[in-house]
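Notes follow once the structure below has been shown.
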Amino acid sequence: MKKIILVTLAGLFSLLSFSQKIDKIINAAEVERIERVLAADDMQGRKTFTPGIDKAADFISDEFAKSKLRFFGSNTSYFQDIVMTKAKPVAVTGLLNNDSLTSANVAVNTTQAEVNIASLNDYEVVRVRKEDDFNKTVFPLFDREKNLLILVDTAHTRRFKSMQRFGGNAKFASTVSQVFILTANLEPSSFHLQVRNQLTEQRLKNVVGIIPGKSKKEEYVVFSGHYDHLGIGKANKDQDSIYNGANDDAAGTTAVIMLSKYFSKLKNNERTLVFVAFTAEEIGGFGSRYFSKQLDPAKVVAMFNIEMIGTESKWGTNSAYITGYEKSDMGKILQANLEGTAFHFEPDPYPKQNLFYRSDNATLAQLGVPAHTISTSKMDTEKFYHTLDDELETLDMNNMAEIIKAIAISSKSIISGKDTPSRVEKEK
């Protein structure tokens, strides 16, 4: 009995020491310091291809340097440079049966100055039907190395227009094209199209740092969030015009920075830890899509993507949900590691929103990685989502700190190599 008591006391002292150590690194004051910089007006809403997002990238890089993270792969800095080609249609002519094809109902994802399709036999035809999930069906098509003609039902007009406006015509270097047609006729008998494009080069960058593993260096655990947002909108009499994006997703980026500091102090990871702030999530997930191409997905053991953790979840404080909870046993592993704490993870309560396929975890998840997003955002009632009101003052810094601590503690058996989450079923 005496031995049992001593062992129990030793465990309690160890837990207390661990708690004190994590509190010194991950706390509300540090959360606010980082958030205050990322969500400041001088970041100009962190829109892609603007000086504001470059300023944010420099700040994240400086924070990674303070933690003495290593560079990723063959990179010579924390920046993972991405070169893309934007093809802007300047002339569109063609017919789908007897319906005219114009720039209003055509989007071309290509790096070619001209796209010419003489018949339905020239490209593989893909149909996005009324009942299909647009994100789940369409976004994987961007990475297929095949010429595709994608017929999109007019039920998806809003999503089609959004894709056209932001990301449908930006592409990594490739010799293939994906051509999207918005139409009510998904079974045409004839088709021809000619598109002439104006090509411009665009540059983006993820910010990536690593802590090499000890015994399992070739196995990776990824912690991520996106640092881009919506930029500058239209001012009204009550507020300025800057979309500060304090919750979406300066909050997730803050978590990534703080986790990098914590694990760099701990120095006990057997698996290699990768910390990445993604660019261009808001315009098509280009940062995470590019990043996923630089890794062998078989070597990625788990991905913790962190998105909008600045407000209370529907269960209140000390709680968060995991998207795609049922697709692997990662959530169960995390919860087991939190036993004895007040914190709890829950399955995604908003299945109709298809959140599992709407964030930066999606690309690796489609490749079989147990890649999940952790969030607290009440997606059915989150009143500041994508509004000018998503500002620092709306966040709960204390609760954010507890969520970040919970992610750190819950990941311990995965980064130590003890637990390996089951794989997500690959997309066919």
Using the Cα atoms of the range 247-305, I'd like the radius of gyration and the largest Cα-Cα distance, Dmax, both in angstrom. 12.8, 37
If you take the square roots of the eigenvalues of the alpha-carbon gyration tensor of the range 366-428 and sort them as a ≥ b ≥ c, do you get rounded (a/c under 1.5), prolate (a/b over b/c) or oblate? oblate
Could you state the orientation-averaged shadow area of the convex hull built on the Cα atoms of the range 84-202, in nm² to one decimal? 6.4
Would you mind putting 180-187, 149-156, 246-253, 276-283 in packing order, based on average other-beta-carbon counts within 10 Å, highest first? 246-253, 276-283, 149-156, 180-187
As an exercise, use a Förster radius of 25 Å and the Cβ-Cβ distance of residue 28 and residue 385 to find the FRET efficiency, rounded to the nearest 0.05. 0.65
Would you work out the charge dipole size for the range 84-202 about its Cα centre, treating the Cβ of every Lys and Arg as +1 and the Cβ of every Asp and Glu as -1, and quote it to the nearest 20 debye? 400
Counting only residues 5 or more places away or on other chains, whose amide H sits under 5 Å from the amide H of residue 303 once H atoms are built in the peptide plane? 222, 371, 372
Just to be sure I understand the model, the point goes 7 Å from the Cα along the line to the Cβ. What's the resulting residue 102 to residue 76 distance in nm? 5.0
Taking a crude spin-label model, label points 7 Å out from Cα along the C-beta direction, the residue 68 to residue 241 distance in nm is 4.6
Within the set 311, 102, 373, GNM on the chain using Cα springs under 10 Å gives the largest fluctuation to 102
The chain, helix-only ellipticity at 222 nm - DSSP H runs n ≥ 4, -39,500 (n - 2.57), divided by all residues, nearest 500: -8500 deg cm²/dmol
Residue (of 162, 139, 235) at the positive-pole extreme of the chain, dipole from beta-carbon charges: 139
For the chain, take every pair of Cα atoms, bin their distances at 10 Å starting from 0, and report each bin as a whole percent. 4, 21, 30, 24, 13, 5, 1, 1, 0
Can you give me the Rg/Rh ratio for the range 300-418, using Cα atoms for both radii and the Kirkwood formula for Rh? 0.95
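Determine, from the Cβ-Cβ distance of residue 198 and residue 352 and an R0 of 45 Å, the FRET efficiency 1/(1 + (r/R0)^6), rounded to the nearest 0.05.
Details: r = 39 Å, r/R0 = 0.87.
E(calc), rounded to 0.05, equals 0.70.
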Cα gyration tensor of the range 238-392 diagonalised, 5x eigenvalues square-rooted, in angstrom largest first, produces semi-axes 24, 19, 17
Kindly provide the pair-distance distribution of the range 9-151 built from C-alpha pairs, with 5 Å bins from 0 and whole-percent values in order of increasing distance. 2, 6, 10, 11, 11, 10, 10, 10, 9, 7, 5, 3, 2, 2, 1, 0, 0
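Near residue 129, within a Cβ-to-Cβ distance under 12 Å, what is the net charge of the other residues, with Lys and Arg +1 and Asp and Glu -1?
Details: positive: 127, 130; negative: 131, 132, 133, 153, 187.
It works out to a net charge of -3.
Output the relative contact order of the range 84-202, whole-number percent, from Cα pairs under 8 angstrom with separation of 6+ residues. Could you put the intermediate results ahead of the total?
Working: 249 pairs, mean separation 59.7, N = 119.
Relative contact order, the range 84-202: 50 percent.
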Between residue 124 and residue 315, how many nm apart are label points set 7 Å from Cα along the C-beta direction? 4.1
When the chain is modelled as a GNM with alpha-carbon springs shorter than 10 Å, which of 113, 255, 371 fluctuates the most? 113
Whole-number percent relative contact order across the chain, with pairs defined as alpha carbons under 8 Å at least 6 apart: 20
Among 287, 231, 245, which one shows the biggest mean-square fluctuation in a GNM of the chain, springs joining Cα atoms closer than 10 Å? 231
Cα-based shape type of the range 148-228, given that a ≥ b ≥ c are square roots of the gyration tensor eigenvalues and the cut on a/c is 1.5: prolate
The size of the Cβ-based charge dipole (Lys, Arg +1; Asp, Glu -1) of the chain about the Cα centre, to the nearest 20 debye, is 1200
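Bear in mind that the values in this text are calculations on the coordinates, not laboratory data. Quantities reported herein were computed from a predicted structural model and do not represent experimental measurements. Cβ: placed from backbone, ideal geometry, glycine included. Neighbour counts: every protein chain shown.
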